[in-house]
Amino acid sequence: MSAVITATGLSKHYKQTAALDDVSFRIEPGRIVGLIGPNGAGKTTALKAILGLTDFTGQLDVLGFDPRQQRDKLMGDVCFIADVAVLPRWIKVREAVDFVAHVHPRFDRAKCDAFLARTKLQPGQRVRQMSKGMIVQLHLALVMAIDAKLLILDEPTLGLDILYRKQFYQNLLEDYFDENKTIIVTTHQVEEVEHILTDLMFIRDGRIVLDADMDSVGERFVEVLVNADRAEAARQLKPIDERQVFGKTIFLFDGVSRAQLEALGETRRPSISDLFVATMKGTYA
Amino acid sequence: MNVTSGTKLYWLLKRELWEHRGGFFWAPVIAGGIFLLLNLMGIITAEVLGASHGIQIGANGGLQHIIGQMDAGDMSKVGFALDIAMYSAMGLLIVVLGFVVFFYCLGALYDDRRDRSILFWKSLPISDASTVLSKVLSATVLAPIIAVIVGIIVGILQLVMVTITLSFHGLNVWQLLGYAHPFRVLVNLVGYVPLYVLWALPAVGWLMLCSAWARSKPFLWAVALPVATGLLVSWFGLMGLFNQSPLWFWKNVVQRSLLSVFPGTGSLFGLDGEGLARHAGNDLNDMGLGLMNLSSTYRLLASPDLWIGVVIGIGLLAAATWFRRWRDEA
């Protein structure tokens, strides 16, 4: 199957700063890609370019469309939830469902109603009367009823309590995702998406610094818990990060053979957040 | 399910109506209600004062007697006076409609950028051109038609109120109503809408361009730019640098870019001086026809001002669509 997104030499400049600096990547269908980066790294700009919301230089192909030229056609196959506050405050649940049902060719009303029935949302309720969590439920109900090929989530769970956040990703995995769909998600709450991602992309200062599937991430990066007496030996192997825990040192290695590391101490797979912190060291300095 | 562009446009218009129910529907209804209430109070005051001062207009069927004596010309005057009673309700609604459309256009492409719900609308497969088109149609067709319908209902209520009052003084209600021309009034008012679309286009275009372009305070930009330019032109004019009088600029640029959304400004400002003078010279009946007769208002179609405005308006809307497409809020 051909790629969902192919980007070649993508660049975008805002006055002095480069939001995207000659970025190239490929996203295959049936993946859940985490696009992770510090504030101002260019995540949102990348998503906006994919959605045709911003101009850029370079080549970008999304589902066979050029987002700059064929945005309205592209949006028939792409959905996005950009932030919690984007539903218009005046709209009623009933109106939102009616509207999307009549303008979107791939909308399944029964699916949307079934999803809404599991929430506390009332048809006559306005968005301004809802809590943040309820707004996201409504948005998710609308989006999940659309049989889109690509779903883009930009900080979808920002400001939600933990119940809503867990439920959000659970619904997404159980009721929405299948091998024909692709999801791209950006978030700062890395721990929450860690277990659902199939691919990981780190972005820093407008450049992709890591682009790998989760299996190869697990092979490439290893954390080792090393006793103080062997710390020097570990440092010889050029760890990318080290930190102290209870008199021991945790080293993070990139591409060092597992046999070598197991000799030093207990090895384990690093969490994405530890990997992220190690990769992004000095970003704000 | 296949979605045609016609269905999309229909739902886009419906969406505008949902969002602007207050301005499009309740504003004319409330204005009409206040108009009727004030009239009722006026009539009651007149009746009470009349009674307390012992003035008995048309007692013992005197008025009815007078009507019986009227010839065809007099009857048409009575009918005309009753039509005026219906139009008068429209007068207030037209002012309200002008304000509603003015502020609607200013917010149309700005409000959803401010609250970021533009990202939701843009996540749907709708082109920016159809979004802008739906907003133009809401401003120039949907809002005026609702105002006209409300105006007709208020006008008929007003007519009934006046005739019932007169019937207390011995006049036959049905006979009086027969003299009025509610259908002609209706046709005239509805018929005015297409002309309004054309006349309002430059102002709608300018206001929507500001709405799509301004990063903040679209009202200030929309008003300050033409007015400041007008002042500059007047200043240069004072020094005799232009051959054209600065008045020309105020009338054709400032006025058209801001005030054309007020219905009726076409008939007032759009006609040339000669036409107005000719109307002023005629008697009351023709004067009324001048402002309220369609064939007379449609003489505006022959004026190049109107068509130049239409072309400029379309250009401004094209620019607004471009900004809607590419304005980047990052």
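Any read-out appearing in this document is the output of simple, stated calculations on the displayed coordinates, not a laboratory observation. Just so you know, these numbers come straight off a predicted model, no measurement behind them. Neighbour counts are summed over all protein chains in view; Cβ atoms, including those assigned to glycine, are modelled from backbone coordinates with ideal geometry.
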Exercise. How much FRET efficiency would the formula 1/(1 + (r/R0)^6) give for A:L237 and A:R89, where r is the Cβ-Cβ distance and R0 is 51 Å, rounded to 0.05?
Worked result: 0.35
Problem set entry | the range A:208-285: equivalent-ellipsoid semi-axes (sqrt of 5 x gyration tensor eigenvalues, Cα, Å) | 20, 16, 10
Problem set entry | Kirkwood Rh in Å, taken over all unlike Cα pairs in the protein assembly as shown | 29.4 Å
Seminar exercise, completed: Sequence order, the range B:226-237: Karplus ³J(HN,Hα) from phi using 6.51 cos²θ - 1.76 cosθ + 1.60, θ = phi - 60°, Hz rounded, Gly and Pro as x, gives x, 5, 5, 4, x, 5, 4, 4, 4, 5, 4, x
Problem set entry | Paramagnetic reach from B:S130 in the range B:5-22 [backbone N under 11 Å; point 7 Å along Cα→Cβ] | B:5-13
Exercise. Can you list the residues of the range A:56-89 with backbone N under 14 Å from a point 7 Å past the Cα of A:S2, pointing along Cα to Cβ?
Worked result: A:60-67
Exercise. How much FRET efficiency would the formula 1/(1 + (r/R0)^6) give for A:D215 and A:Q129, where r is the Cβ-Cβ distance and R0 is 51 Å, rounded to 0.05?
Worked result: 0.65
Problem set entry | Unsatisfied cross-links (Cα-Cα over 22 Å) in the set A:K238/A:K281; B:K8/B:K217; A:K48/B:K14; A:K92/B:K135; A:K73/B:K8 | B:K8/B:K217; A:K48/B:K14
For this session: For the range A:20-58 and the range A:213-285, compute the distance between their C-alpha centroids and round to whole Å.
Result: 28 Å
Problem set entry | Dipole of the protein assembly as shown [Lys/Arg +1, Asp/Glu -1 at C-beta], most positive-end residue of A:G206, A:S271, B:G79 | B:G79
For this session: Estimate the FRET efficiency between B:L137 and A:A263 by the formula 1/(1 + (r/R0)^6), using the beta-carbon distance for r and 56 Å for R0, to the nearest 0.05.
Result: 0.15
For this session: Give, to the nearest whole percent, the P(r) tail of the range A:6-69 beyond 17 angstrom, counting all Cα pairs.
Result: 37 percent
Problem set entry | Inter-probe distance in nm under a simple model that places probes 7 Å from Cα toward Cβ, at B:V227 and B:I44 | 4.0 nm
